[in-house]
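Data block below; observations after.
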Amino acid sequence: MQEIMQYLKAHGELLDSEIASGTGISLANVSRCVSALSAKGEVIMCRLTRFTDGKKIEGMLCRVSGYVPPAAPGRKSKAQT
């Protein structure tokens, strides 16, 4: 489960199939672990249906709960007065 959490923190919001291919864990294990993490409140998860080239793709969209990524480096816009 820690590997999935670290992967989500590094890559942001992902589908369960993308997590499985990125971590090398089977899709069934990813689904089971993400469901357990969602029950604990560590992960936000929703069911998603996408249509790609007319094909229906169903999955779970996941992101880490309450995690705010660090600000991007570079110039910041100035406040307007």
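Where a number appears in this text, it was derived from the coordinates with a stated rule and is not lab data. The structure presented is a predicted model; accordingly, all values stated were derived computationally and were not measured. Cβ coordinates were reconstructed from backbone atoms using ideal geometry, including for glycine residues, and neighbour counts include every protein chain displayed.
Please give the helix 27-40 orientation as an angle from the longest Cα principal axis of the chain, in degrees from 0 to 90, rounded to the nearest 10.
60 degrees
Picking from Ile44, Ile57, Ile19, which is most flexible by a Gaussian network model of the chain using Cα springs under 10 Å?
Ile57
Scanning the chain for trypsin sites (Lys or Arg not before Pro) in DSSP loops with at most 15 other Cβ atoms within 10 Å, what's the longest stretch left with none?
1-74
Taking the Cβ of each residue in Leu14, Leu27, Leu61 as the centre, tally the other Cβ atoms inside 10 Å and list the residues starting with the fewest.
Ordered by Cβ neighbours within 10 Å, fewest first: Leu27, Leu61, Leu14.
Using Cβ counts within 10 Å as a stand-in for footprinting exposure, how do Cys46, Cys62, Cys33 rank, fewest first?
Fewest to most other Cβ atoms nearby, the residues stand as Cys46, Cys33, Cys62.
Given the chain, what count of lysine pairs have C-alpha atoms under 29 Å apart, with each pair 8 or more places apart or on different chains?
Total qualifying Lys-Lys pairs in the chain comes to 4.
Hey, fewest Cβ within 10 Å first, where do Ser77, Ser38, Ser21 land in order?
Ser77, Ser21, Ser38
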